[in-house]
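Quick note: the coordinates plus some simple rules give every number you see, no bench work behind them. On a predicted model such as this, the values are computed, not experimentally measured, just so you know. Cβ placement follows ideal geometry from the backbone for every residue including glycine, while neighbour counts extend to all protein chains displayed.
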Ligand SMILES: Nc1ncnc2c1ncn2[C@@H]1O[C@H](COP(=O)(O)OP(=O)(O)OP(=O)(O)O)[C@@H](O)[C@H]1O
Ligand SMILES: [Mg+2]
């Protein structure tokens, strides 16, 4: 019933790493977790394939891939069936990220502690405001 998006404006800052780790910790705590990939790269799909071999049947994290303008609706549908839905966004402003933000209870924005990266926070603040509106 809880939806958490891992997003932001920057690529390569650890979004997929945070998304997978948060999902596993929640599964270890006994939650039914769905981890959704919205990135064309599908890091989550590759991670899931390796994890299925290395940790079969252990603290299962289900995964899915969603794209396009129906992402909000599909996330809401999935959230009825899972305790927690975690969404891994691509490293840029995208339809999918906006759709996910609009229905999320929490947004986690990993960021590197550099000036260049913190300068993107204003843009991210705009991003957060728009889907809610
Ligand atoms: N806390 C961390 N400390 C050091 N390295 C990290 C940390 N988190 C992630 N990394 C490494 O940084 C790289 C990028 O991480 P990751 O793929 O999770 O970023 P991303 O934000 O999802 O990237 P993309 O925007 O391409 O989707 C990976 O090699 C990952 O192992
Ligand atoms: Mg990623």
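Compute the whole-percent fraction of alpha carbon pairs in the chain spaced more than 23 Å apart. Show your work: numbers first, answer last.
Numbers: 2522 of 8778 pairs.
Here the tail beyond 23 Å accounts for 29 percent of pairs.
Beta carbons within 10 angstrom, averaged per residue: use that to sort the peptides 58-70, 84-96, highest first. Don't skip to the end; give the middle numbers.
Numbers: 58-70: 15.2, 84-96: 21.8.
Order by mean packing, descending: 84-96, 58-70.
Run the numbers on region 2-127 and let me know its relative contact order in percent, using alpha-carbon pairs under 8 Å that are six or more apart. That works out to 43 percent. Between helix 121-132 and the chain there is an angle of about 70 degrees, using the helix long axis and the longest principal axis of the Cα atoms. Each semi-axis of the equivalent ellipsoid for region 76-133 is √(5λ) with λ an eigenvalue of the Cα gyration tensor; in descending order they amount to 24, 13, 9 Å.
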